[in-house]
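The values are calculated or read from the model by the stated rules, or taken from the named source; none is laboratory data. Bear in mind that the values here come from a model prediction, so they are computed numbers and not experimental data. Surface areas here come from the heavy atoms of the whole protein model, side chains and all, with no ligands, DNA or RNA. Shrake-Rupley method; radii C 1.70, N 1.55, O 1.52, S 1.80 Å.
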Amino acid sequence: MQGVDVVVGIIFHERKFLAEKRKKSDKIDPGIVSLPGGHVELGETRKAALIREMREELSVEVKNTRFIQKSRWLASNGEKQNVYYYLILDYRSEEHTSEL
């Protein structure tokens, strides 16, 4: 299956993980609950995409990650996605700093 690359960040804090509910107005997968992340842009590494997406979406500065797994997803608009999941081991945000 060919497709676009997507990165996902998994953040644990106090025995909970961060998820997001997509807006019902979103064009792709409206209203679903998912882990934060996004598309890898042309010429961008997966790690750079993860750092950028977490900064843009959550104001989280990713310091250290560990690759967990790759899976495939067919989005509601028919887009085929290669999804790369990363555990975020160390990060900073306006709220707090965490290291796993």
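Atom-type composition of the exposed protein surface of the chain places 50 percent of the accessible area on carbon and sulfur (1.4 angstrom probe).
Rg/Rh for segment 22-61 (Cα atoms only, Rh after Kirkwood) is 1.02. Taking the chain as the region of interest, the number of lysine pairs whose Cα atoms are within less than 21 Å, with members eight or more places apart or on different chains, is 9. Helices in the chain, meaning DSSP H runs of at least 4 residues, each add -39500 (n - 2.57). Divided by all residues, the mean residue ellipticity at 222 nm is -4000 deg cm²/dmol. Average accessible surface for the chain: 68 Å² per residue, computed with a 1.4 Å probe over protein heavy atoms with every protein chain in place. Solvent-accessible surface (1.4 Å probe) assigned to R55 amounts to roughly 140 Å². Against the main long axis of the alpha-carbon atoms of the chain, helix 46-58 sits at an angle near 80°.
Shape analysis of the chain based on the Cα gyration tensor places the equivalent ellipsoid semi-axes at 22, 16, 12 Å, largest first.
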